[in-house]
Amino acid sequence: MDVLARNNVHVRGRGDRAMVFAHGFGCDQNMWRFVAPEFESEFKVVLFDHVGAGGSDLSAYDKAKYSTLLGYADDLVEIGAALGLKNAVFVGHSVSAMIGVLASIKAPDLFGRLVLIGPSAKYIDDGDYKGGFSEKQIAELLEFLEDNHMGWSAAMAPSIMGNPDRPELGEELTNSFCRTDPEIAKAFARVTFTSDNRSDLSKVTVPTLILQCSEDIIASEEVGKFVRSRIPGSEIVFLKATGHCPNLSAPAEVVSAIRAYV
Amino acid sequence: MSESGSDEYRDLFENAPCGCLTIGSDGRITKVNATLARWTGFAAEQFVGQRLHQFLNMAGRIYYETHIAPLLRMQGFFNEFALDFETAAGERLPTIANAAEHRDAEGGVRFTALVFIKATDRRLYERQLVDSRSELRISLANERETAELREQFIAVLGHDLRNPLAAISAGARILQRSGNLQNEKELRVLDMINSTVTRMSDLIDNILDFARGRLGGGITLHRAIRPLEPVLEQVVDELRTASPQRVIETRFEIADPVNCDHTRIGQLASNLIGNALTHGARDMPVRVGAKTNGNEFEFWVANAGEPIPDSAMEKLFEPFFRGDVRASRQGLGLGLHIASQIAQAHGGRIDVTSSPEETRFAFSMPLAQADERIGKP
């Protein structure tokens, strides 16, 4: 299988060192449109879509494989191997922060630095651990996702997939950055919000930076601090940016925080 | 703009039949109209300075943060999304919303405008559609599973029935060859055994074909171009042996070798003649004919006897359809169904005419088309 086609991998920029950007739950690699270009002069910038999102090969979606984050981490390791990446910088947003953590544990040489934006090791509350959500709320989310199909129809998929370069938004491309097969969206939401990677954090062996937004309801400050406390030697930077997507709402702040760390 | 004009606009904003809300560049709510305040039960002042997600239910919050907010930054607008407010009374207020960013010259956000349409009934309707679709999916999957099991059972059953039948047939042959059976009665019993084995064997073939067809395999053809007459002769001979008391008259005028699946056409012939023997008048001959006629091959079977009732005509070729016959001749009702499947696989058809004088099944298939189809299933 062609891994690079499967994950709609795009490599841009110059530089010996690679910087891999991984999008989170909800949208695709376009999430990095204001951040990734800033690094193209110094880094080999690698962008990709998780299978099931964006321009990935939907036929490669395997329910069993992607029922845990490990399936996504395996893909990330495969992309690294296909591109011959070593000692790369990993930048993962939201659930992809944990996917990067898992990939790094599996292939310790792949990444030399991890940058985790809005990470959460577990979204659902568990005893003293406050993930921010109850099981019931996550169940409601899964149901709610069906109310927002974003105009998805299976017949539309090929035209979206055939536009990797994303020209000017045509009517048919409306919402395409965040649109996918509703069944896959639901499955990805389930694996994201029911994941528990708390015990994996201590296995990380590479220097790690956590970028923590303020007023992020998906990954609260408390959750970010927990990740900081469990990953040995990790650092945390509190951004002024609010919400869950500083890569879109405050790209300059994100760029300078990453640059300062790598 | 005149004072009254400005008032009109204000009134339109405040009391529009939709909720309106603006969010400043810092992500905090700057304005809310009276309609949205009324719907949610919060005062307009309670909104200002807050974040929109604080007024949404948890699913709506997550969705807003992971989909809507990013899309607004990426494409500048987002139409027709579902969003649920949580009212002051703690109730859910489902809405459909549109949102658009107003940007400055550099592409920065000046503010974001959102409008909300109440969608309680619409969402209830959609929810019911989604629910009934998933129910259908589940019951369809169950049905499929049951059907598959049933057909697999038939296939296995057919196979298992063949073995004892082969043993009976072999036993009868040994007895026949031994020459030990001499008297008339014993020989008649032997004939009956042979005839029953043939009939049973045909029934099993039909069961297996039917099951295979239903399992998705369909009837596959192994075409060849060779004379068809010997095949038909053999079929008739077997049936004569099986029904020694009946007369089968044949008239074959097949000029050229025929391009078809010879075994399958033999099975079709056997099923049609068998049907005529079962339903036709016992004291009248069954007449069988075959000929090549230009671009067509024709095969027909005719018998005398009671005509087929109009009500039965439409269902003749449906699986498990059985006409009124005495119980001992009762088959599974698969013979005609499989004959028609074989006809279709050859690009042909079976026509039925039935009158008090004669009931006739006529199979015809194109020869030219068959030539083009060589090698294709």
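The values are calculated or read from the model by the stated rules, or taken from the named source; none is laboratory data. Please read all numbers here as calculations on a predicted model, not as lab measurements. A quick note on method: Cβ atoms are made from the backbone with ideal geometry, for glycine too, and the neighbour counts reach across all protein chains shown.
Flag: B:Gly27 matches the condition of being within 14 Å of chain A (Cβ to nearest Cβ), at pLDDT below 90 and either loosely packed, with under 14 Cβ neighbours inside 10 Å or in contact with a helix residue (DSSP H, G or I) (Cβ under 8 Å, 6 or more places away or on another chain) (or both).
Of the residues making up region A:139-154, those that are within 12 Å of chain B (Cβ to nearest Cβ) and either at pLDDT below 75 or within 24 Å of B:Leu72 (Cα to Cα) (or both) are A:Glu140, A:Leu141, A:Leu142, A:Glu143, A:Phe144, A:Leu145, A:Glu146, A:Asp147, A:Asn148, A:His149, A:Met150, A:Gly151.
To keep it simple, each residue is scored yes or no on (1) among the aliphatic types (A, V, I, L, M); (2) under 25 Å from A:Phe177 (Cα atoms); (3) modelled with pLDDT under 95.
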{"residue": "B:Phe47", "(1), (2), (3)": "no, no, no"}
{"residue": "B:Gln54", "(1), (2), (3)": "no, no, yes"}
{"residue": "B:Gly60", "(1), (2), (3)": "no, yes, yes"}
{"residue": "B:Leu72", "(1), (2), (3)": "yes, yes, yes"}
{"residue": "B:Phe78", "(1), (2), (3)": "no, yes, yes"}
{"residue": "B:Phe81", "(1), (2), (3)": "no, yes, yes"}
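Can you report the number of residues in region A:1-10 which are of a type in the set (Val, Ile, Thr) and within 17 Å of the chain's Cα centre (by Cα)?
1
Looking at B:Phe153, is it surrounded by 10 or more Cβ atoms within 10 Å (Cβ to Cβ), within 13 Å of another protein chain (Cβ to nearest Cβ) and either out of contact with any His (no Cβ under 6 Å at 6 or more places or on another chain) or part of a loop (DSSP other than H, G, I, E, B) (or both)? Taking the combined requirement at face value, the residue does not satisfy it. Pairs meeting the criteria (first residue in region B:164-193 and assigned to a helix (DSSP H, G or I), second residue charged (D, E, K, R), beta carbons under 9 Å, at least 6 apart or on different chains) are B:Leu175/B:Glu186. Residues of region A:155-198 that are among the hydroxyl-bearing types (Ser, Thr, Tyr) and at pLDDT 90 or above: A:Thr192, A:Thr194, A:Ser195. Within region A:239-253, the presence of at least one residue that is within 24 Å of A:Ser104 (Cβ to Cβ) and free of Cβ contacts under 8 Å to residues at least 40 places away in the same chain is confirmed. List every residue pair whose Cβ atoms lie under 7 Å apart, where the two residues are 6 or more positions apart in sequence or sit on different chains, the first residue falls within region A:64-86 and is closer than 16 Å to A:Thr192 by Cβ, and the second residue, located anywhere, is surrounded by fewer than 17 Cβ atoms within 10 Å (Cβ to Cβ). What qualifies is A:Gly71/A:Lys65; A:Ala73/A:Lys106. Need the failing condition index for B:Met74 against (1) touching a residue at least 60 places away in the same chain (Cβ under 8 Å); (2) within 14 Å of chain A (Cβ to nearest Cβ), just the number. In the conditions (1) touching a residue at least 60 places away in the same chain (Cβ under 8 Å); (2) within 14 Å of chain A (Cβ to nearest Cβ), B:Met74 misses (1) alone. One residue stands out among those in region B:48-67 that are among the hydrophobic types (A, V, I, L, M, F, W, C) and either touching a residue at least 12 places away in the same chain (Cβ under 8 Å) or surrounded by fewer than 20 Cβ atoms within 10 Å (Cβ to Cβ) (or both): the one that is farthest from B:Ala113 (Cα to Cα), which is B:Ala59. When we screen A:Leu58, A:Leu83, A:Leu70 for residues that are modelled with pLDDT under 95 and surrounded by fewer than 21 Cβ atoms within 10 Å (Cβ to Cβ), the only hit is A:Leu58.
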